[in-house]
1. For the stretch B:140-286, list log₁₀ I(q)/I(0) at each q in 0.10 Å⁻¹, using the Debye formula over Cα point scatterers of equal strength and ignoring solvent, two decimals each.
2. So if we plug the beta-carbon distance of A:Arg285 and A:Arg147 into 1/(1 + (r/R0)^6) with R0 = 25 Å, what FRET efficiency do we get, rounded to 0.05?
3. State the Cα centre-to-centre distance between the stretch A:29-91 and the stretch A:262-279 in whole Å.
4. Compute, for the stretch B:140-286, the length of the dipole vector about the Cα centre, with Cβ point charges of +1 (Lys, Arg) and -1 (Asp, Glu) only. Units Debye, rounded to 20.
5. Give me a single rounded figure for B:166-172: the average over its residues of other chain Cβ atoms within 10 Å of their Cβ.
6. Across peptide A:263-270, how many C-beta atoms of other chains are within 10 Å of each residue C-beta, on average?
7. Nearest 5 percent is fine: what portion of the DSSP beta bridges confined to the stretch A:142-287 is antiparallel?
8. Partner chain Cβ atoms within 10 Å, averaged over the residues of A:141-147 - can you pull that number for me?
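Only the coordinates and a few stated rules stand behind these numbers; no lab work does. These numbers come from a predicted model, not from an experiment. Cβ: placed from backbone, ideal geometry, glycine included. Neighbour counts: every protein chain shown.
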Number of protein chains: 2
Amino acid sequence: MPSSRTCAATRESQDSALSSEDYDAFHQQLRARYATLPPRLKQIADAVLASPDDVALGTVSSLAAIARVQPSTVVRFARTFDLNGFSEMQAIFRDRIRSRSISYGERVNALHAADGSPASASALLDGFYEAALASLQAMHHHMDRTRLDEAITRLAQARRIYILGLRRSMPVARYLSYLFTKMEISHRIIGLESGMEDEAMLSAGPEDAAIVISFTVYAKRTIELFRALEKRHVPIVAVTDSPASPVIPSSGLWLEVMEADFMGFRSNAATMALVMTLATAVAERRE
Amino acid sequence: MPSSRTCAATRESQDSALSSEDYDAFHQQLRARYATLPPRLKQIADAVLASPDDVALGTVSSLAAIARVQPSTVVRFARTFDLNGFSEMQAIFRDRIRSRSISYGERVNALHAADGSPASASALLDGFYEAALASLQAMHHHMDRTRLDEAITRLAQARRIYILGLRRSMPVARYLSYLFTKMEISHRIIGLESGMEDEAMLSAGPEDAAIVISFTVYAKRTIELFRALEKRHVPIVAVTDSPASPVIPSSGLWLEVMEADFMGFRSNAATMALVMTLATAVAERRE
DNA sequence: CTCCTTATAGAACGAATATTCTATTTATTG
DNA sequence: CAATAAATAGAATATTCGTTCTATAAGGAG
């Protein structure tokens, strides 16, 4: 073999094939053999898994420094996986970066895939991505920080927190419940287990609190339960999308979240982020 | 100046700063001066604008080949833009790739390393906002569009779609179920109603399909149910965070989603957006 | 039309990097 | 416990790659 540097040859032979498959194959092998790897090679495996971009963009020395091993060990590592050397391994990681970002032309083609056919998956992803992004940014920008603090204070003082969110808002309610459970905050979801909600609310009172999550078109059941809570003088924090919303409590304590929608489906990214904030803030306030 | 190779020095001086700003500045200057550029340099400008990844990942020669000019012309091109050489230009493009894939740890550190005191509600909101944003962007950028299409095809062909997602992923699973219900797509959640999952899965077979959503630390129950599905030869689409994930199906059909976490709580914004894409795309495919 | 400036191409140079080789240390087996 | 095999570290080697230099061509100004 006249040349030991196989990098160029490898890249040339692969440039036509889109190969994130090679990457997957490599990772699969890595996972399979990880347990039986010698200590130094294991260090490298960790580094490779942790920051694949450093493999793609860096050098033998840089990766060796990250993994705290000798450069030659990095080469040995590559050889262990049926590769001719570091360069060949790096080519796999570089091809992956290349295959991920599709060219602009392809994306445009995908969008108006002609023949009036349905929007491509890629276009849908773009749409939902944009909707989530816009919702998040709007929420983050418009959120009234003072009211947010008030809401947290109110919730932190509560004996038990009732969560109300149906239909679209149901996953958010359930996630909030999950968070409260992990943080050992006394709470209860209402409206989801049919028939039991009235009974569950019988114990709710002024020393408790409730989070009501609802967006247009406000579910009838949500409004009913909201009114029942108000009648029992339960302090309420509303998360909703308009000052004219039917679930704004008499205390005026509500947080505005406007979720964008795409193809008729509303994002919930902003509400999720807000709910996480509420949960962690309440937990911290209580210590 | 003893050494003309400024690459190393440049990278060292920039490694702490997040610099897609440099990239933006470069592009701005490129657009401004494009019209007045000599013919060969214009060729290079075209190539650079068309495939920035090739600048980041390739060599002087490879870029020269793409632009159909001499390597030295590429260097001249870089010098024209107040850079010391090709390497410095390449560094800008590489930093961009790096900054796109979460340098998330630093951002979080900046948040609550400001002072030892407990984070304010506002800071928490910022944190969860950033986490969601980073997750969304990373997912959108890294998603393998080809695999996404494959996944949708697989799901669209299924008689019934089984949904598996526990713990953190439970809200996503439930939301997906909600979407499928609205779209009248036959489906079933498994693993959530205790004890019933085995029974529910008895009817699952090769003509069905399953979506498995799981992230580190992969819930034991999820892995068990995943294996049961595989044993029954149910085609599986996995949504997970690593090529080394235990829920990657034998078919290799999986979608990568890396959710950033803040304060120990992982975002689910990216997964939500992806799940919406899957649901609407499957519905559209079936018409 | 000639001179001068700018642009380009190709070759030569120098630096950095990947790879290989050998000595030494660390496990593993009889 | 000894002996062999494997793993590791560090230095030496070879090649690729970025840069610079010089000759040639093209375009403008006087």
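1. Summing over Cα pairs of the stretch B:140-286 leads to -0.29.
2. 0.95
3. 39 Å
4. Charge dipole, the stretch B:140-286, about its Cα centre: 120 debye, nearest 20.
5. Mean inter-chain Cβ contacts per residue within 10 Å come to 4.
6. What the average comes to for A:263-270 is 5.
7. That works out to approximately 10 percent antiparallel.
8. The per-residue average across the peptide is 2.
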